[in-house]
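Asker: Please see the structure below; I have some questions.
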Number of protein chains: 4
Amino acid sequence: MAGNSFGTLFRFTTWGESHGPAIGVVVDGVPPRIPLHESDIQHWLDRRRPGQSRFTTQRREADRVEILSGVFAGFTTGAPISLLIRNEDVRSRDYSDIQEVYRPGHADFTYDMKYGIRDWRGGGRASARETACRVAAGAVARKVLGERIRIRGYLVQMGDLAIDRDRFDDAEIDRNPLFCPDAETAKRWEELLLDVRKQGSSIGAIVEVVASGVPPGLGEPVYDKLDADLAKAMMSINAVKGVEIGAGFAAARLRGEENADEIVRREGRPHFLSNRAGGILGGISTGQDIVVRFAVKPTSSILVPRRTIDRLGREREIVTRGRHDPCVGIRAVPVGEAMMACVLADHLLRQRAIADG
Amino acid sequence: MAGNSFGTLFRFTTWGESHGPAIGVVVDGVPPRIPLHESDIQHWLDRRRPGQSRFTTQRREADRVEILSGVFAGFTTGAPISLLIRNEDVRSRDYSDIQEVYRPGHADFTYDMKYGIRDWRGGGRASARETACRVAAGAVARKVLGERIRIRGYLVQMGDLAIDRDRFDDAEIDRNPLFCPDAETAKRWEELLLDVRKQGSSIGAIVEVVASGVPPGLGEPVYDKLDADLAKAMMSINAVKGVEIGAGFAAARLRGEENADEIVRREGRPHFLSNRAGGILGGISTGQDIVVRFAVKPTSSILVPRRTIDRLGREREIVTRGRHDPCVGIRAVPVGEAMMACVLADHLLRQRAIADG
Amino acid sequence: MAGNSFGTLFRFTTWGESHGPAIGVVVDGVPPRIPLHESDIQHWLDRRRPGQSRFTTQRREADRVEILSGVFAGFTTGAPISLLIRNEDVRSRDYSDIQEVYRPGHADFTYDMKYGIRDWRGGGRASARETACRVAAGAVARKVLGERIRIRGYLVQMGDLAIDRDRFDDAEIDRNPLFCPDAETAKRWEELLLDVRKQGSSIGAIVEVVASGVPPGLGEPVYDKLDADLAKAMMSINAVKGVEIGAGFAAARLRGEENADEIVRREGRPHFLSNRAGGILGGISTGQDIVVRFAVKPTSSILVPRRTIDRLGREREIVTRGRHDPCVGIRAVPVGEAMMACVLADHLLRQRAIADG
Amino acid sequence: MAGNSFGTLFRFTTWGESHGPAIGVVVDGVPPRIPLHESDIQHWLDRRRPGQSRFTTQRREADRVEILSGVFAGFTTGAPISLLIRNEDVRSRDYSDIQEVYRPGHADFTYDMKYGIRDWRGGGRASARETACRVAAGAVARKVLGERIRIRGYLVQMGDLAIDRDRFDDAEIDRNPLFCPDAETAKRWEELLLDVRKQGSSIGAIVEVVASGVPPGLGEPVYDKLDADLAKAMMSINAVKGVEIGAGFAAARLRGEENADEIVRREGRPHFLSNRAGGILGGISTGQDIVVRFAVKPTSSILVPRRTIDRLGREREIVTRGRHDPCVGIRAVPVGEAMMACVLADHLLRQRAIADG
């Protein structure tokens, strides 16, 4: 069972390779009569688009989305929504030297082990280009979620440099090209990135995604818990090596009374005094903010020479040219937001099915 | 779509509440002609069984498994395997005071929000008792995987105390009741646990699970990547708040050349010089050890009084009596191993389907 | 991917062999707060139960159902509902002579081809005994559907003898042991069955199942159309060889103007002047009665000697002793009703998910 | 859960409306290293293509397929295969009069009941145009099945006129535009069609699809039986009202000894003396020919005036203009073949997963 679909009720399927004619996504399960225009999707694609700052790959893609089905007179019809994005700035020659050699830290080796064949042009199916389709699906998911649910992603750490939570400013996130909510840290990251790039290297990062306005009751114990699906969603993003919810790994250090969020009554409604749970208890949303963090490894496409082997098993040394991001964590921000939106939309529909008619 | 099933080809469904007559699991998709006896399953259940040391809940359950179907003359038949475990030591009175009150950090509140009804006896479906079914399914999965694939779990951290990797001794894991691979740390944890228990508190932990002997090629990009499915599997375990693969969150601090595992040739075969990838690249197994860690929060069933509300929204204070684990991370070890086994068995069958006939 | 589950949102999984200790079903996806008692399920099991008349197998099973999970204080909780039925009247010796020989028309040969192993006792997993689990799941489905949706099955043909639609009397169905809605035909069928039994033979039949009160809008084009799922549901029942909706095969003989059901306005609502569509257009319910028919072959367990081979490929002659139904179509009636209920419950929940919240 | 996907391991998802910019299909789960060219798919699309004879709709579509992903250097890569077919000859004005009126026998009414919105242009998603995507997916499925499995469809009945099995000539099927295996009957059908067309009417038909060379062992009891999946596959095709396997509905008239296919030994192998089972026993293929028949209703797009209502519930009379097939059964032949191929490919992969590695 191939794995190019995600979700159960809100379910999307992506296809396409980095240097093929196009990439695309089919979103099935979208309720009818939701207004949807290409611009609704384009808006989010533009945030992820490469070539927008000196800190991301210089590949230039318009990433213009076309709606091919499922929308009629400006509204969804309940039929599958097919979205297409053409590949334009394709330079496969840049990659021809990796045709026979496995780049360390890349999927080249494993794709060959698994399939015995590999579309090596630009990383083929394993390229981060696929994430544009996730962002497109996420844009549709946001329409399903409606205005009340707000999803916000940003970087909280790059290399050793974490943001200062006391300086957290939501408005700052869109003011710098690094999705950094802390202006001062943003500057230090820029310096770090220039240094990293100069050395032909790359650097890891941690992304945080927060969803507010989520109603309590979303999540399906005991295997499709909301946090379990979020973990899968985020870990499926290229280069992600860890996912945590709320207090996350720090919870290991806590005592029970430090960790459990107390509940009081405020304005006649349940109110939690803290959110170490990250908005999820027993796999079900509490109504608090859903807080997810994920770690993105440094891209393995670097100019530093590394030892490796080729398809015939011969030892080689490799330097990965091509146009790459010094910190793929940056462009992972809109992707993480999109996956959050898709998971929430899916569970919103799943909950509707069992709630009173 | 309710979420009580896990896996696609190797697929199991669990049912049962903590204080109901029994719990059970149906495992579908097991290939035929695999030898399987109740003792094969009992062996692993016994490792998870409560009441075995002073460091786990004093509830006493024999956890004796019965095979009700799918096995004939000692071999699997290809039909679904139904496994049943009766609940014996049920003391629902212990829980009657939580019938109307939401324990902080527990699923009481969210189950009520979601379902509008809740089997409050012993935590009902949200109880860690359900994990016995995971262990049973995992035992079947191990038979599918065969002898070559070995799965090993242990604690690497409790509270602030991490093991010393230099003292790592595989044989030590089964010698202490804490699944600790470092004898010296085991002693310090015992002291910590006695202290925690005396205070009526609880403590978090980090579990590591390693699978060796896994062939390269397992995992289905781009959504059912091996690491994505492992993340979901582990995050679905009660009290887990974070999952990481290989270098995990530490990868955020690394440069590309530090992170990418170099490949050389050893004895005619590909050999990786390190394993920061945790045995997975591009969502597909490399043939190296699969390394997963997950963080377990401190259980919220504590004797320290905490503020909360009841079903009518009134503010209350609560102390959770009953028989609880001071560190649920301990008994999460066999559960994590079982989930690893199930994910690998599933992907082994999935890979078989597309490999040459 | 093994196939022991049915449905998507209302999803059940059955397990168990004819002569194992028990059979059972786990129903997942049942909305919470629906009243459910064992007697609700027992009622329908009793209709299917063998040994009730001289026209069905003389195997005597109480078929007493136990609810093991998912129900609390008389209401569903949203957790999976596990139902267990013990096998009591098991006489495996009756079958020992078929251990090595493939009964013609039975699944003996194909199970061996597929699995290389076979639980030959009483037909194992391929036994019609499995259908008790379908009936149990169907009983739960009926509770999900509520009182407004009524499902009714009956025999319309046995051998060459069809009922006379002019004598159709709904009340008659439960008055005779053959689920026959036409008293006169019922008598002729009884004679036919006595003759068939005397000859050690068996006879085929056609079952019709009608659901009334179904709201328009159920069914998910273009692959999970309501009729497509009904076709799968009915064809999956043992011994079924054909399924049709509304006019069915007779539609092949019609002209467009004869076939299309005209619509008028009656009491302010849409009213169809006929129902050749069988209540389904474009795979979606119209609000008219859903009408399904399926053909049941004569059981292959007969006393007439037949040529066959054994596991070693040697030619043999076989007579199938044991306790069998002369017309398995009779007991297929409650099974067909149950499958209709399950398909409708599933699609009701699926439609809820996309309808306005 | 929307229903635009079919299959489990070999799984395809279709999208697109009759008068949108394009239609398409994403096929996921195709094993790698299978040679695949656009011409392999075009070949089968050309058989289904409209406008090829005077007996099908005069809409002219080149139906030229483009492979957008999943194929590299002429071979499948294991990645999803995206196929696109542009809509060219779109005349939506023909349909503008049905914008507000429900055509009897069509899905207009039910789509509005279900979704509250409807792409009325050319039937939108409910149009038979969608079946081109099935044929494209079927072409890929045939490549997965390989040369040994041969699938052949043809008409066996139109209106009251059935073929004479004694005149069955496989070679004749491609010689006439009606997929008729009996030259004499083909002529009578042509006369019938001219008459039907002259009267502005339409006529039903029965299609038979036979697969030979299918290995024994395919099919997954007890819900994903091979016949159950075939029933669903065929019933999901536009206008199909009945499906049968082997003897089908005629089995209802038979005695056990007439129905069960005897087995003997021929040339050292099992040999069935008849094939009333249609190649399937217990839901698993026997190795004999798989024989499926399905009934196609007469299209409801006719020039004969019919009573109906409009969206506001007002009574209307309608005549459906536009370009339609007098017998949609004809073009259902390649579609039925394609669905057979897809079901078999899916079950071939499913069986591989549990067979010895």
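The values are calculated or read from the model by the stated rules, or taken from the named source; none is laboratory data. Bear in mind that the values here come from a model prediction, so they are computed numbers and not experimental data. Virtual Cβ from ideal backbone geometry, glycine too; neighbours counted across all protein chains shown. Keep in mind that these areas ignore ligands, DNA and RNA; they rest on the heavy atoms of the full protein, side chains included. Shrake-Rupley method; radii C 1.70, N 1.55, O 1.52, S 1.80 Å.
Asker: Name the one entry in B:Gly20, B:Gly24 that is under 30 Å from B:Ser201 (Cβ atoms), crowded, with 24+ Cβ neighbours inside 10 Å and small (Gly, Ala, Ser).
Answerer: B:Gly20
Asker: Considering the stretch B:136-188 alone, what residues qualify as being closer than 30 Å to B:Thr13 by Cα, of a type in the set (Lys, Arg) and part of a loop (DSSP other than H, G, I, E, B)?
Answerer: B:Arg148
Asker: Can you tell me which residue is nearest to B:Gly29 (Cα to Cα) among those in the stretch C:106-123 that are touching a strand residue (DSSP E or B) at 6+ places or on another chain (Cβ under 8 Å) and facing chain D (nearest Cβ under 10 Å)?
Answerer: Within the stretch C:106-123, the match that is nearest to B:Gly29 (Cα to Cα) is C:Lys114.
Asker: Please work out which one of (1) among the polar types (S, T, N, Q); (2) open to solvent by 10 Å² or more (accessible area, probe 1.4 Å); (3) in contact (Cβ under 8 Å) with a residue 24 or more places away in the chain; (4) within 30 Å of D:Ala73 (Cβ to Cβ) is the condition A:Ser5 fails and give its number.
Answerer: Answer for A:Ser5: the failing condition is (3).
Asker: Which strands (runs of 3 or more DSSP E) does the stretch D:214-316 wholly contain that include 1 or more residues that are surrounded by fewer than 21 Cβ atoms within 10 Å (Cβ to Cβ) and over 24 Å from the mean Cα position of the chain (by Cα)? Before you say what the answer is, go through the steps one by one.
Answerer: Details: elements: D:240-245, D:263-266, D:269-272, D:290-296, D:306-309.
Qualifying strands (runs of 3 or more DSSP E): D:263-266, D:269-272, D:306-309.
Asker: Against the condition of a type in the set (D, E, K, R), at pLDDT below 95 and open to solvent by less than 50 Å² (accessible area, probe 1.4 Å), how does A:Arg48 come out, does it pass?
Answerer: So A:Arg48 fits the description; yes.
Asker: While we're looking at this one, here's another question. Just to verify a result, which residue in the stretch C:87-125, among those that are touching a Lys or Arg at 6+ places or on another chain (Cβ under 6 Å), open to solvent by 10 Å² or more (accessible area, probe 1.4 Å) and not in a helix (DSSP H, G or I), is modelled with the lowest pLDDT?
Answerer: C:Asp89
Asker: A follow-up question, please. If B:Ser69 satisfies every condition in (1) open to solvent by 10 Å² or more (accessible area, probe 1.4 Å); (2) outside any strand (DSSP E or B); (3) in contact (Cβ under 8 Å) with a residue 12 or more places away in the chain but one, which is the exception?
Answerer: Failed condition: (1).
Asker: Now for a separate question. Return the total of residues in the stretch B:196-213 being surrounded by 18 or more Cβ atoms within 10 Å (Cβ to Cβ) and either of a type in the set (S, T, N, Q) or free of Cβ contacts under 8 Å to residues at least 12 places away in the same chain (or both).
Answerer: Looking only at that region, the number is 2.
Asker: How many of the residues in the stretch B:309-357 are free of Cβ contacts under 8 Å to residues at least 60 places away in the same chain and acidic (Asp, Glu)?
Answerer: 3
Asker: Then there is this: Which one of the conditions (1) within 7 Å of chain D (Cβ to nearest Cβ); (2) within 30 Å of C:Trp120 (Cα to Cα) does C:Leu303 fail to meet, given that it meets all the rest?
Answerer: Every listed condition holds for C:Leu303 apart from (1).
Asker: Considering only residues that are of a type in the set (Val, Ile, Thr), more than 22 Å from C:Gly116 (Cβ to Cβ) and modelled with pLDDT of 95 or more, which ones fall in the stretch D:254-300?
Answerer: Correct list: D:Val264, D:Val291, D:Val292, D:Val296.
Asker: Also, I was wondering about something else. Here is a list of conditions, (1) farther than 18 Å from A:Asp325 by Cβ; (2) in contact (Cβ under 8 Å) with a residue 24 or more places away in the chain; (3) surrounded by fewer than 24 Cβ atoms within 10 Å (Cβ to Cβ), and A:Asp63 meets all of them except one; can you say which number that is?
Answerer: Of (1) farther than 18 Å from A:Asp325 by Cβ; (2) in contact (Cβ under 8 Å) with a residue 24 or more places away in the chain; (3) surrounded by fewer than 24 Cβ atoms within 10 Å (Cβ to Cβ), only one is false for A:Asp63: (1).
Asker: Among the residues that make up the stretch B:180-195, is at least one of them within 14 Å of chain A (Cβ to nearest Cβ), within 20 Å of the chain's Cα centre (by Cα), open to solvent by 10 Å² or more (accessible area, probe 1.4 Å) and within 30 Å of B:Asp108 (Cα to Cα)?
Answerer: Within the stretch B:180-195 (the criterion being within 14 Å of chain A (Cβ to nearest Cβ), within 20 Å of the chain's Cα centre (by Cα), open to solvent by 10 Å² or more (accessible area, probe 1.4 Å) and within 30 Å of B:Asp108 (Cα to Cα)), the answer is no, since none of the residues qualifies.
Asker: Here's another thing I want to ask about it. Determine, yes or no, whether C:Gly138 is on the phi > 0 side of the Ramachandran plot and not acidic (Asp, Glu).
Answerer: Spelling it out, it is not the case that C:Gly138 is on the phi > 0 side of the Ramachandran plot and not acidic (Asp, Glu).
Asker: Looking at the structure I just gave you, is B:Arg148 in contact (Cβ under 8 Å) with a residue 40 or more places away in the chain, within 12 Å of chain A (Cβ to nearest Cβ) and of a type in the set (D, E, K, R)?
Answerer: no
Asker: Name the single residue that is nearest to the other protein chains (Cβ to nearest Cβ) among those in the stretch B:261-298 being in contact (Cβ under 8 Å) with a residue 24 or more places away in the chain and of a type in the set (Gly, Ala, Ser).
Answerer: Per the criteria, the residue is B:Gly282.
Asker: Is one or more of the residues making up the stretch D:48-57 of a type outside the set (Val, Ile, Thr), outside any loop (DSSP other than H, G, I, E, B) and closer than 21 Å to D:Arg331 by Cβ?
Answerer: To start, the set of residues in the stretch D:48-57 that are of a type outside the set (Val, Ile, Thr) comprises D:48-55.
Within this subset, residues satisfying the condition of being outside any loop (DSSP other than H, G, I, E, B) are D:48.
Filter again for closer than 21 Å to D:Arg331 by Cβ, leaving D:48.
Looking for residues that are of a type outside the set (Val, Ile, Thr), outside any loop (DSSP other than H, G, I, E, B) and closer than 21 Å to D:Arg331 by Cβ, one finds at least one in the stretch D:48-57, hence yes.
Asker: Of these, A:Ala128, A:Ala132, A:Ala171, A:Ala139, which one is more than 21 Å from A:Gln42 (Cα to Cα) and either aliphatic (A, V, I, L, M) or open to solvent by 30 Å² or more (accessible area, probe 1.4 Å) (or both)?
Answerer: Values: A:Ala128 fails: more than 21 Å from A:Gln42 (Cα to Cα); A:Ala132 fails: more than 21 Å from A:Gln42 (Cα to Cα); A:Ala139 fails: more than 21 Å from A:Gln42 (Cα to Cα).
Result: A:Ala171 is the single residue among A:Ala128, A:Ala132, A:Ala171, A:Ala139 that is more than 21 Å from A:Gln42 (Cα to Cα) and either aliphatic (A, V, I, L, M) or open to solvent by 30 Å² or more (accessible area, probe 1.4 Å) (or both).
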